[in-house]
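S.K.: Questions regarding the structure given below will be posed in turn.
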Amino acid sequence: MLHKFFGLPRVYKRLISLASDSFFLLFALWAAFTLRFEQQFWVPNYGQLLVSVLTVIFTLVIFMRLGLYRAVIRYLSDKAFLTIIYGVVASSTILIVLGYLLQVFVPRSVPVIYGALAFIFVAGTRLSIRMLVNRPRRRAKEAVAIIGAGETGRQLALALDQGMEYDPVIFLTFDKSNHKSLINGVPVFSIEHMEKNLTKFRVRRLLLALDPDSRVNRRELLKQLEPLSIPVQTVPSMTELIAGQARINDIRDLELEDLLGRDPVRPDNAMVAASLYGKVVMVSGAGGSIGSELCRQIIRHRPKALVLFEQSEFSLYAIERELISVNRLEDLGVELHPLLGSVTHRRRCMAVIRTFGVQTIYHAAAYKHVPLVELNVIEGVQNNVFGTWHMAEAAVAAGVERFVLISTDKAVRPTNVMGASKRLAELVLQGLAQRQTRTRFSMVRFGNVLGSSGSVVPLFRDQIRDGGPVTVTHPDIIRYFMTIPEASQLVLQAGSMGQGGDVFVLNMGEPVKIADLARKMIHLMGLTEKTEEIPDGDIEITFTGLRPGEKLFEELLIGDNPQGTAHPRIMMAREASMAWDEVESLLERLTLASHNFDCRQVVDLLRNAPTGYAPTSDMADLVWCNGSVETQPLVTDGTGEGVVRRLNS
């Protein structure tokens with residue numbers, strides 16, 4: 001019967017609502033007179049009947065004008081009940097006015113009794129229907145607990161209540177005074193009583209909805225949640241909500257940067273803004289994970305123009321569209337110049353820099369996947385070493401003020417080609433800093449970035465969703481971790497602090513054991529690890545062995561005597577450097593070896609250079625190891641000058 005009613009066209013439902021309200025309004029009038037006259041069965045005279053009918057007709061017209069019949073009952077809100085109150089007050093007033101105009105006896109207490117009864121009947125019928133409609137839907141929804149009873153938590157509960165997936169059954173609060181209170185009919189319990197109430201209300205999922213200004217220690221909270229083996233998810237950040245990039249009920253997997261064990265790096269915004277505001281800034285590798293985040297942060301400092309230099313057409317298109325939207329929504333007025341090009345083409349770099357009058361360059365373009373660079377040695381060196389050199393020489397020739405290289409912790413005592421190529425790129429910039437003083441070069445060295453294209457986090461998440469196993473290379477492997485926004489803030493901070501040839505590193509706290517990170521992800525996704533002790537577990541962790549060029553421990557400093565800076569969390573490394581003549585000679589020999597596709601010679605040059613490169617595996621380049629390479633040697637005059645002349649042309 002109910003299903004047939006719910007399936008009726010809207011016009012029929014409105015007619016039924018009109019008929020229902022007519023009946024209950026007339027009944028409320030009859031009941032009000034009966035109660036007033038204290039009669040068992042009151043019969044109205046002609047005048048009272050006329051006043052009653054006219055009152056109901058006028059009331060229905062008022063309800064129509066107020067939009068009551070346009071409201072969908074299953075989504076009835078507080079505004080609808082206010083509408084009923086306004087209509088009932090107007091109806092009681094009409095009853096008084098009609099009684100006076102038609103000279104019909106209407107006792108003064110009748111409009112009051114009638115108003116109360118009319119509200120009960122009109123609102124009650126709608127509440128009853130809403131309960132009947134929502135009850136099956138609520139039973140089908142998954143019971144969730146919302147951690148955080150602040151404004152964010154309340155907004156989330158309201159959004160979920162209207163949705164089809166989750167039913168908020170309890171709030172968990174950190175304020176003990178709110179224990180056993182109610183918010184929108186949902187009980188609130190202290191976090192100290194969490195386990196008991198999660199079982200009592202059969203909670204299947206935990207949703208983290210902490211206010212932005214909350215002082216809750218998230219790391220300690222997640223430690224408390226991890227043993228529960230209940231999926232923990234979170235809501236978008238306030239920044240995303242304000243920017244319109246997400247909705248409050250866009251539930252997502254927990255961001256594991258909460259497990260880093262330290263406070264996020266806070267940049268000196270005044271210093272960063274002074275180095276960017278009104279300037280022409282260029283980001284190479286603008287479509288990558290670090291480069292794109294740099295662009296997002298730079299544009300909000302209102303540079304005069306932002307030049308996006310990227311080799312991948314799709315990546316460039318994606319970041320350009322995003323920045324255009326931000327530029328328009330926030331009325332920043334920044335000129336955006338999306339340019340395709342490779343950092344290995346010096347003349348292209350020079351033309352771009354001079355055309356737009358670039359003043360600051362953030363060089364994020366690089367190949368950074370250790371195993372892939374091991375399999376593609378020449379391309380890795382070309383992009384990481386020569387790409388940095390060409391872009392830097394173009395910057396010097398064009399008079400760029402600042403040049404910031406995004407480096408890596410793998411450049412410290414490298415065991416792989418990627419790390420060695422990044423260390424050599426640092427040496428190139430240090431040499432250029434000694435050769436001239438017009439362009440200030442600085443390098444920023446940091447660890448693994450959570451959420452980047454090379455991060456283990458998305459890989460582990462996909463493996464867990466696929467049912468496992470989660471693959472870790474070694475049970476003892478550890479890495480430093482930071483978030484993409486943190487890394488980008490550090491780069492911007494260093495760019496404003498660099499004086500020439502400086503290598504900046506972040507005090508990143510304690511390194512994270514990758515196997516422990518995998519276990520935390522498994523537990524926080526509501527699953528258990530499958531081990532010999534727990535054979536019925538959900539997800540198994542398997543160890544695949546170290547990959548070519550990979551090492552167990554990463555470092556951020558070569559020396560042991562870092563120097564402090566104006567920023568409490570940023571240090572300046574005191575690293576050995578090479579004179580420019582030595583760097584230039586090395587680059588000439590590396591150019592010849594690369595042109596002749598002599599991978600063995602390239603690796604030997606990297607090993608003999610002061611990079612600290614000590615490979616832990618044999619040559620793995622796919623082309624070198626799987627076939628003969630026929631090349632025509634690059635003809636030189638014996639000194640290598642011919643090579644440099646051709647490269648500079």
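The values are calculated or read from the model by the stated rules, or taken from the named source; none is laboratory data. Computed from a predicted structure; not experimentally measured. With ideal geometry, Cβ positions are generated from the backbone for all residues, glycine too; neighbour counts draw on all protein chains shown.
S.K.: So Thr152 ticks every box in (1) touching an Asp or Glu at 6+ places or on another chain (Cβ under 9 Å); (2) at pLDDT below 75; (3) more than 25 Å from Thr528 (Cα to Cα) but one. Which box is left unticked?
M.R.: Against the list (1) touching an Asp or Glu at 6+ places or on another chain (Cβ under 9 Å); (2) at pLDDT below 75; (3) more than 25 Å from Thr528 (Cα to Cα), Thr152 comes up short only on (2).
So that you can scan it fast, the table gives a plain yes or no per residue for (1) modelled with pLDDT under 80; (2) not charged (D, E, K, R):
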| site | (1), (2) |
| --- | --- |
| Val133 | yes, yes |
| Arg137 | yes, no |
| Lys141 | yes, no |
| Ala145 | no, yes |
| Met164 | yes, yes |
| Asp175 | yes, no |
| Asn178 | yes, yes |
| Pro187 | no, yes |
| Met194 | no, yes |
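S.K.: Are there any helices (runs of 4 or more DSSP H) wholly within the range 1-91 with 2 or more residues that are surrounded by 15 or more Cβ atoms within 10 Å (Cβ to Cβ) and modelled with pLDDT of 80 or more, and if so which?
M.R.: Counting at least 2 such residues, we get 10-37, 46-65.
S.K.: Going by the structure shown, is Arg300 surrounded by fewer than 20 Cβ atoms within 10 Å (Cβ to Cβ) and either within 13 Å of Ser488 (Cβ to Cβ) or at pLDDT 85 or above (or both)?
M.R.: Against the criterion (surrounded by fewer than 20 Cβ atoms within 10 Å (Cβ to Cβ) and either within 13 Å of Ser488 (Cβ to Cβ) or at pLDDT 85 or above (or both)), Arg300 qualifies.
S.K.: Being surrounded by fewer than 24 Cβ atoms within 10 Å (Cβ to Cβ) and more than 24 Å from Pro485 (Cα to Cα), is that true of even one residue in the range 360-371?
M.R.: Checked the range 360-371: at least one residue is surrounded by fewer than 24 Cβ atoms within 10 Å (Cβ to Cβ) and more than 24 Å from Pro485 (Cα to Cα).
S.K.: Quick check: anything in the range 528-537 at pLDDT below 85, surrounded by 19 or more Cβ atoms within 10 Å (Cβ to Cβ) and not in a strand (DSSP E or B)?
M.R.: No, because not a single residue in the range 528-537 is at pLDDT below 85, surrounded by 19 or more Cβ atoms within 10 Å (Cβ to Cβ) and not in a strand (DSSP E or B).
S.K.: Within the group Val583, Val643, which residue is surrounded by 12 or more Cβ atoms within 10 Å (Cβ to Cβ), at pLDDT below 90 and either assigned to a helix (DSSP H, G or I) or touching a Lys or Arg at 6+ places or on another chain (Cβ under 8 Å) (or both)?
M.R.: After ruling out the rest, the residue left standing is Val643.
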